[in-house]
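Notes follow once the structure below has been shown.
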Amino acid sequence: MYYFKDFLRELSVDTNMMFSIEWKDKEDIYYCGLDIDKENSSCTELSLGDDKYILRVKKSEEACLSILKYYIENKYSELFCLREQFFTDVIQGNKVYLEKINAIEPFLKGGCTLMIINVDGSKYEALNILKEKYDENKITSMIYDESLIVIGMFENKKLECKIIKELLSSKLCCKCAISYGHDSFSVEDFKISYEEAKDAMILGEKISNKDEIYSYNEMFFEKVIFNIDDNIKKQYLNEFKETFDSLDEEMINTIEEFINCNLNISESAKNLYIHRNTLIYRLDKLSKDTGYDIRIFKDATVFTIAFLIWKGIE
(Lines give C-alpha, C1' and ligand atoms only; values in the text may rest on other atoms or scores of the structure.)
Protein backbone atom coordinates (compact mmCIF):
# COMPACT_ATOMS: atom_id res chain seq x y z
CA MET A 1 0.00 0.00 0.00
CA TYR A 2 3.02 2.27 0.10
CA TYR A 3 2.71 3.29 -3.51
CA PHE A 4 -0.21 5.58 -2.61
CA LYS A 5 1.41 7.19 0.44
CA ASP A 6 1.82 10.45 -1.49
CA PHE A 7 -1.94 10.55 -1.94
CA LEU A 8 -2.45 10.08 1.81
CA ARG A 9 0.00 12.86 2.56
CA GLU A 10 -1.68 15.23 0.10
CA LEU A 11 -5.12 14.30 1.44
CA SER A 12 -4.04 15.17 4.97
CA VAL A 13 -2.64 18.53 3.83
CA ASP A 14 -5.62 19.41 1.59
CA THR A 15 -8.23 18.57 4.24
CA ASN A 16 -6.14 19.83 7.15
CA MET A 17 -6.99 16.59 8.95
CA MET A 18 -4.87 14.35 11.12
CA PHE A 19 -5.45 10.63 10.60
CA SER A 20 -3.64 7.32 10.88
CA ILE A 21 -4.01 3.96 9.19
CA GLU A 22 -3.11 0.94 11.30
CA TRP A 23 -2.81 -2.77 10.63
CA LYS A 24 -5.07 -4.50 13.15
CA ASP A 25 -3.13 -5.32 16.34
CA LYS A 26 0.14 -4.83 14.44
CA GLU A 27 2.44 -1.97 13.60
CA ASP A 28 1.22 1.31 12.23
CA ILE A 29 1.15 1.69 8.46
CA TYR A 30 0.77 5.43 8.05
CA TYR A 31 0.76 8.52 10.24
CA CYS A 32 -0.32 11.88 8.89
CA GLY A 33 2.43 13.61 10.83
CA LEU A 34 1.54 13.62 14.51
CA ASP A 35 0.47 10.81 16.81
CA ILE A 36 -3.20 10.63 17.62
CA ASP A 37 -4.30 9.98 21.19
CA LYS A 38 -6.31 6.77 20.82
CA GLU A 39 -8.43 7.55 23.87
CA ASN A 40 -9.60 10.80 22.27
CA SER A 41 -10.10 9.46 18.76
CA SER A 42 -12.68 7.72 16.61
CA CYS A 43 -12.01 4.88 14.19
CA THR A 44 -13.56 2.69 11.54
CA GLU A 45 -12.54 -0.38 9.56
CA LEU A 46 -10.79 0.35 6.29
CA SER A 47 -10.69 -2.17 3.42
CA LEU A 48 -7.65 -1.92 1.16
CA GLY A 49 -7.56 -4.77 -1.31
CA ASP A 50 -7.98 -8.03 0.61
CA ASP A 51 -6.66 -6.55 3.87
CA LYS A 52 -8.43 -4.84 6.73
CA TYR A 53 -7.02 -1.80 8.53
CA ILE A 54 -8.12 0.75 11.10
CA LEU A 55 -8.63 4.38 10.06
CA ARG A 56 -8.35 6.72 13.04
CA VAL A 57 -9.09 10.45 13.38
CA LYS A 58 -9.44 12.95 16.21
CA LYS A 59 -12.71 12.76 18.13
CA SER A 60 -13.48 16.31 17.04
CA GLU A 61 -13.34 15.23 13.38
CA GLU A 62 -15.51 12.13 13.77
CA ALA A 63 -18.16 13.53 11.39
CA CYS A 64 -15.62 13.40 8.55
CA LEU A 65 -14.61 9.80 9.18
CA SER A 66 -17.00 8.16 6.69
CA ILE A 67 -16.15 10.52 3.80
CA LEU A 68 -12.42 10.12 4.53
CA LYS A 69 -12.85 6.35 4.46
CA TYR A 70 -14.68 6.62 1.12
CA TYR A 71 -11.92 8.71 -0.50
CA ILE A 72 -9.10 6.47 0.71
CA GLU A 73 -10.75 3.18 -0.28
CA ASN A 74 -11.69 4.47 -3.71
CA LYS A 75 -8.25 5.89 -4.38
CA TYR A 76 -6.66 2.62 -3.35
CA SER A 77 -8.99 0.70 -5.67
CA GLU A 78 -8.00 3.07 -8.47
CA LEU A 79 -4.29 2.63 -7.84
CA PHE A 80 -4.31 -0.98 -6.68
CA CYS A 81 -1.88 -2.93 -8.79
CA LEU A 82 -3.59 -5.48 -11.04
CA ARG A 83 -0.43 -7.54 -11.06
CA GLU A 84 -0.41 -7.94 -7.27
CA GLN A 85 -3.96 -9.28 -7.26
CA PHE A 86 -3.19 -11.50 -10.24
CA PHE A 87 -0.10 -13.01 -8.62
CA THR A 88 -1.93 -13.51 -5.32
CA ASP A 89 -4.75 -15.33 -7.13
CA VAL A 90 -2.28 -17.59 -8.95
CA ILE A 91 -0.36 -18.44 -5.76
CA GLN A 92 -3.58 -19.23 -3.91
CA GLY A 93 -4.90 -21.34 -6.78
CA ASN A 94 -7.88 -19.06 -7.37
CA LYS A 95 -9.58 -18.88 -10.73
CA VAL A 96 -7.86 -16.32 -12.95
CA TYR A 97 -10.04 -14.76 -15.61
CA LEU A 98 -8.85 -14.41 -19.19
CA GLU A 99 -8.77 -10.60 -19.12
CA LYS A 100 -6.37 -10.68 -16.18
CA ILE A 101 -4.15 -13.21 -17.93
CA ASN A 102 -4.10 -11.06 -21.08
CA ALA A 103 -3.22 -7.99 -19.02
CA ILE A 104 -0.32 -9.72 -17.32
CA GLU A 105 0.98 -11.76 -20.26
CA PRO A 106 3.52 -9.14 -21.45
CA PHE A 107 5.04 -9.22 -17.97
CA LEU A 108 5.40 -13.03 -18.03
CA LYS A 109 6.43 -13.70 -21.61
CA GLY A 110 9.95 -12.35 -21.10
CA GLY A 111 10.53 -14.73 -18.21
CA CYS A 112 10.08 -13.28 -14.73
CA THR A 113 11.75 -14.28 -11.48
CA LEU A 114 9.90 -14.59 -8.18
CA MET A 115 11.94 -13.94 -5.05
CA ILE A 116 10.78 -14.62 -1.50
CA ILE A 117 12.41 -12.31 1.05
CA ASN A 118 12.36 -12.84 4.81
CA VAL A 119 13.57 -10.11 7.15
CA ASP A 120 13.69 -10.17 10.94
CA GLY A 121 12.85 -6.45 10.97
CA SER A 122 9.71 -4.66 9.80
CA LYS A 123 8.47 -6.19 6.56
CA TYR A 124 6.38 -3.06 5.97
CA GLU A 125 9.46 -0.85 6.09
CA ALA A 126 11.22 -3.35 3.85
CA LEU A 127 8.35 -3.17 1.36
CA ASN A 128 8.58 0.61 1.37
CA ILE A 129 12.31 0.42 0.60
CA LEU A 130 11.73 -2.00 -2.27
CA LYS A 131 8.96 0.12 -3.78
CA GLU A 132 11.24 3.16 -3.67
CA LYS A 133 14.05 1.18 -5.34
CA TYR A 134 12.12 -0.35 -8.22
CA ASP A 135 10.02 1.06 -11.02
CA GLU A 136 6.55 -0.38 -10.30
CA ASN A 137 5.86 -0.68 -14.02
CA LYS A 138 8.64 -3.25 -14.28
CA ILE A 139 8.92 -4.81 -10.81
CA THR A 140 6.13 -5.90 -8.46
CA SER A 141 6.78 -5.84 -4.70
CA MET A 142 4.19 -7.15 -2.27
CA ILE A 143 3.60 -8.91 1.05
CA TYR A 144 2.16 -12.40 0.95
CA ASP A 145 1.93 -14.99 3.74
CA GLU A 146 4.14 -12.96 6.11
CA SER A 147 6.95 -12.72 3.53
CA LEU A 148 8.00 -10.15 0.97
CA ILE A 149 7.74 -11.13 -2.67
CA VAL A 150 9.54 -9.40 -5.53
CA ILE A 151 8.60 -10.31 -9.11
CA GLY A 152 10.38 -9.03 -12.19
CA MET A 153 12.91 -9.67 -14.93
CA PHE A 154 16.53 -9.55 -13.77
CA GLU A 155 19.58 -10.05 -15.97
CA ASN A 156 21.62 -11.42 -13.07
CA LYS A 157 19.46 -12.92 -10.33
CA LYS A 158 22.33 -13.69 -7.94
CA LEU A 159 23.71 -10.18 -8.18
CA GLU A 160 20.24 -8.65 -7.72
CA CYS A 161 19.66 -10.80 -4.63
CA LYS A 162 22.95 -9.61 -3.14
CA ILE A 163 22.01 -5.97 -3.84
CA ILE A 164 18.58 -6.40 -2.22
CA LYS A 165 20.07 -8.23 0.76
CA GLU A 166 22.69 -5.54 1.36
CA LEU A 167 20.11 -2.77 0.89
CA LEU A 168 17.59 -4.17 3.38
CA SER A 169 20.23 -5.34 5.87
CA SER A 170 21.93 -1.94 5.95
CA LYS A 171 18.78 0.20 6.07
CA LEU A 172 16.87 -1.94 8.55
CA CYS A 173 19.90 -3.27 10.47
CA CYS A 174 18.48 -6.78 10.32
CA LYS A 175 19.10 -10.20 8.83
CA CYS A 176 17.69 -10.86 5.39
CA ALA A 177 17.25 -14.16 3.52
CA ILE A 178 16.23 -14.49 -0.14
CA SER A 179 15.16 -17.51 -2.18
CA TYR A 180 14.04 -18.06 -5.77
CA GLY A 181 13.16 -20.87 -8.19
CA HIS A 182 12.96 -21.27 -11.95
CA ASP A 183 11.90 -18.33 -14.12
CA SER A 184 8.21 -18.16 -15.08
CA PHE A 185 6.98 -17.87 -18.64
CA SER A 186 3.33 -18.74 -18.01
CA VAL A 187 0.68 -18.77 -15.29
CA GLU A 188 1.41 -22.45 -14.64
CA ASP A 189 5.15 -21.73 -14.31
CA PHE A 190 4.49 -18.97 -11.80
CA LYS A 191 2.75 -21.21 -9.29
CA ILE A 192 5.60 -23.74 -9.56
CA SER A 193 8.20 -20.98 -9.19
CA TYR A 194 6.57 -19.78 -5.96
CA GLU A 195 6.54 -23.30 -4.49
CA GLU A 196 10.19 -23.78 -5.47
CA ALA A 197 11.22 -20.50 -3.82
CA LYS A 198 9.25 -21.46 -0.72
CA ASP A 199 10.94 -24.88 -0.53
CA ALA A 200 14.35 -23.29 -1.08
CA MET A 201 13.74 -20.89 1.83
CA ILE A 202 12.73 -23.76 4.12
CA LEU A 203 15.79 -25.81 3.16
CA GLY A 204 18.08 -22.81 3.43
CA GLU A 205 16.83 -21.87 6.89
CA LYS A 206 17.17 -25.46 8.10
CA ILE A 207 20.81 -25.74 7.13
CA SER A 208 21.66 -22.14 8.15
CA ASN A 209 23.51 -21.36 4.95
CA LYS A 210 25.59 -18.28 5.73
CA ASP A 211 24.99 -16.81 2.30
CA GLU A 212 21.26 -16.50 3.08
CA ILE A 213 20.58 -16.49 -0.68
CA TYR A 214 19.01 -19.75 -1.77
CA SER A 215 18.53 -20.85 -5.38
CA TYR A 216 16.22 -23.86 -5.70
CA ASN A 217 18.07 -24.85 -8.88
CA GLU A 218 21.38 -25.12 -7.00
CA MET A 219 20.16 -27.04 -3.93
CA PHE A 220 20.25 -30.58 -5.34
CA PHE A 221 22.45 -31.82 -2.49
CA GLU A 222 20.18 -30.34 0.17
CA LYS A 223 17.04 -31.71 -1.52
CA VAL A 224 18.55 -35.20 -1.65
CA ILE A 225 19.51 -35.07 2.01
CA PHE A 226 16.11 -33.95 3.25
CA ASN A 227 14.39 -36.64 1.17
CA ILE A 228 16.47 -39.43 2.66
CA ASP A 229 14.43 -42.19 4.27
CA ASP A 230 13.66 -41.44 7.92
CA ASN A 231 15.22 -44.72 9.08
CA ILE A 232 18.51 -43.84 7.41
CA LYS A 233 18.37 -40.36 8.97
CA LYS A 234 17.98 -42.00 12.38
CA GLN A 235 21.07 -44.12 11.72
CA TYR A 236 23.10 -41.01 10.93
CA LEU A 237 21.80 -39.23 14.01
CA ASN A 238 22.52 -42.21 16.28
CA GLU A 239 26.14 -42.08 15.21
CA PHE A 240 26.72 -38.32 15.02
CA LYS A 241 24.19 -36.44 17.18
CA GLU A 242 26.11 -36.65 20.45
CA THR A 243 29.26 -35.43 18.71
CA PHE A 244 27.52 -32.52 16.99
CA ASP A 245 25.68 -31.52 20.17
CA SER A 246 29.03 -31.18 21.93
CA LEU A 247 30.54 -28.81 19.34
CA ASP A 248 30.93 -25.18 20.31
CA GLU A 249 29.80 -22.29 18.09
CA GLU A 250 33.32 -21.66 16.83
CA MET A 251 33.71 -25.21 15.54
CA ILE A 252 30.21 -25.23 14.00
CA ASN A 253 31.03 -22.00 12.14
CA THR A 254 34.29 -23.54 10.97
CA ILE A 255 32.53 -26.64 9.61
CA GLU A 256 29.86 -24.56 7.85
CA GLU A 257 32.40 -22.27 6.23
CA PHE A 258 34.64 -25.15 5.15
CA ILE A 259 31.66 -26.91 3.53
CA ASN A 260 30.43 -23.69 1.88
CA CYS A 261 33.91 -23.10 0.44
CA ASN A 262 34.00 -26.59 -1.11
CA LEU A 263 36.71 -27.80 1.29
CA ASN A 264 39.09 -25.03 0.22
CA ILE A 265 41.37 -24.29 3.18
CA SER A 266 42.71 -20.93 1.98
CA GLU A 267 39.29 -19.51 1.12
CA SER A 268 37.74 -20.83 4.34
CA ALA A 269 40.48 -19.33 6.50
CA LYS A 270 40.06 -15.99 4.73
CA ASN A 271 36.29 -15.95 5.29
CA LEU A 272 36.72 -16.96 8.94
CA TYR A 273 39.36 -14.22 9.45
CA ILE A 274 41.84 -16.73 10.85
CA HIS A 275 45.31 -17.93 9.85
CA ARG A 276 45.50 -20.97 7.59
CA ASN A 277 47.40 -22.88 10.30
CA THR A 278 44.62 -22.13 12.79
CA LEU A 279 42.06 -23.68 10.46
CA ILE A 280 44.29 -26.74 9.93
CA TYR A 281 44.57 -27.10 13.72
CA ARG A 282 40.76 -27.02 14.06
CA LEU A 283 40.29 -29.59 11.28
CA ASP A 284 42.92 -31.86 12.91
CA LYS A 285 41.06 -31.58 16.22
CA LEU A 286 37.74 -32.35 14.53
CA SER A 287 39.28 -35.41 12.87
CA LYS A 288 40.67 -36.61 16.19
CA ASP A 289 37.35 -36.09 18.03
CA THR A 290 35.06 -37.58 15.36
CA GLY A 291 37.20 -39.98 13.37
CA TYR A 292 36.33 -38.10 10.16
CA ASP A 293 38.85 -35.97 8.27
CA ILE A 294 36.63 -33.66 6.22
CA ARG A 295 39.58 -32.72 4.02
CA ILE A 296 39.15 -36.16 2.46
CA PHE A 297 36.27 -36.34 -0.04
CA LYS A 298 34.64 -39.58 1.21
CA ASP A 299 34.85 -38.54 4.87
CA ALA A 300 33.59 -35.07 3.97
CA THR A 301 30.58 -36.49 2.09
CA VAL A 302 29.43 -38.72 4.96
CA PHE A 303 30.15 -36.02 7.54
CA THR A 304 28.32 -33.31 5.55
CA ILE A 305 25.21 -35.47 5.10
CA ALA A 306 25.10 -36.19 8.82
CA PHE A 307 25.81 -32.56 9.70
CA LEU A 308 22.98 -31.22 7.50
CA ILE A 309 20.54 -33.81 8.83
CA TRP A 310 21.47 -32.72 12.34
CA LYS A 311 21.07 -29.04 11.40
CA GLY A 312 17.64 -29.83 9.96
CA ILE A 313 16.29 -31.05 13.31
CA GLU A 314 18.28 -28.66 15.53
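The values are calculated or read from the model by the stated rules, or taken from the named source; none is laboratory data. A quick note: this is a predicted structure, and the numbers were derived from the prediction, not measured. When we count neighbours, we look across all protein chains shown, and the Cβ atoms used for this are built from the backbone with ideal geometry, even at glycine.
Brief remarks follow.
- Any hit, the stretch 234-249, residues being within 30 Å of ILE192 (Cα to Cα) and without any contact (Cβ under 8 Å) to a residue 40 or more places away in the chain: no
- A search for C-beta distances below 9 Å between a residue of the stretch 7-31 that is of a type in the set (D, E, K, R) and any residue that is at pLDDT below 85 and in a helix (DSSP H, G or I), counting only pairs 6+ apart in sequence or on different chains, returns LYS26/TYR124; GLU27/TYR124; ASP28/TYR124.
- Taking (1) at pLDDT 90 or above; (2) outside any helix (DSSP H, G or I); (3) aliphatic (A, V, I, L, M) in turn, ILE255 satisfies each apart from (2).
- Flag: ILE274 matches the condition of being free of Cβ contacts under 8 Å to residues at least 12 places away in the same chain, assigned to a loop (DSSP other than H, G, I, E, B) and of a type outside the set (S, T, N, Q).
- Within the stretch 14-62, being modelled with pLDDT under 85 and basic (Lys, Arg) holds for LYS24, LYS26, LYS38, LYS52.
- Within the stretch 205-213, at least one residue is under 29 Å from ARG295 (Cα atoms), of a type in the set (S, T, N, Q) and out of contact with any Leu (no Cβ under 9 Å at 6 or more places or on another chain).
- Wholly within the stretch 105-209, strands (runs of 3 or more DSSP E) carrying at least 2 residues that are among the hydrophobic types (A, V, I, L, M, F, W, C) and surrounded by 22 or more Cβ atoms within 10 Å (Cβ to Cβ): 113-119, 147-152, 176-180
- Yes/no for PHE220 being within 19 Å of THR301 (Cα to Cα) and in contact (Cβ under 8 Å) with a residue 12 or more places away in the chain: no
- Verdict on SER170 being in the same structural domain as GLU155 (by TED's automatic domain parsing) and over 25 Å from GLY111 (Cβ atoms): yes
- Residue within the stretch 290-297 that is loosely packed, with under 15 Cβ neighbours inside 10 Å, among the aliphatic types (A, V, I, L, M) and at negative phi present: yes
- All of (1) at pLDDT below 90; (2) under 14 Å from CYS112 (Cα atoms); (3) out of contact with any Lys or Arg (no Cβ under 7 Å at 6 or more places or on another chain) hold for PHE185 with one exception: (3).
- Odd one out for ASN74, checked against (1) farther than 20 Å from GLY181 by Cα; (2) at pLDDT below 75; (3) in a helix (DSSP H, G or I); (4) out of contact with any Leu (no Cβ under 6 Å at 6 or more places or on another chain): (2)
- Any hit, the stretch 219-238, residues being out of contact with any Cys (no Cβ under 8 Å at 6 or more places or on another chain), part of a strand (DSSP E or B) and buried (at least 19 other Cβ atoms within 10 Å of the Cβ): no
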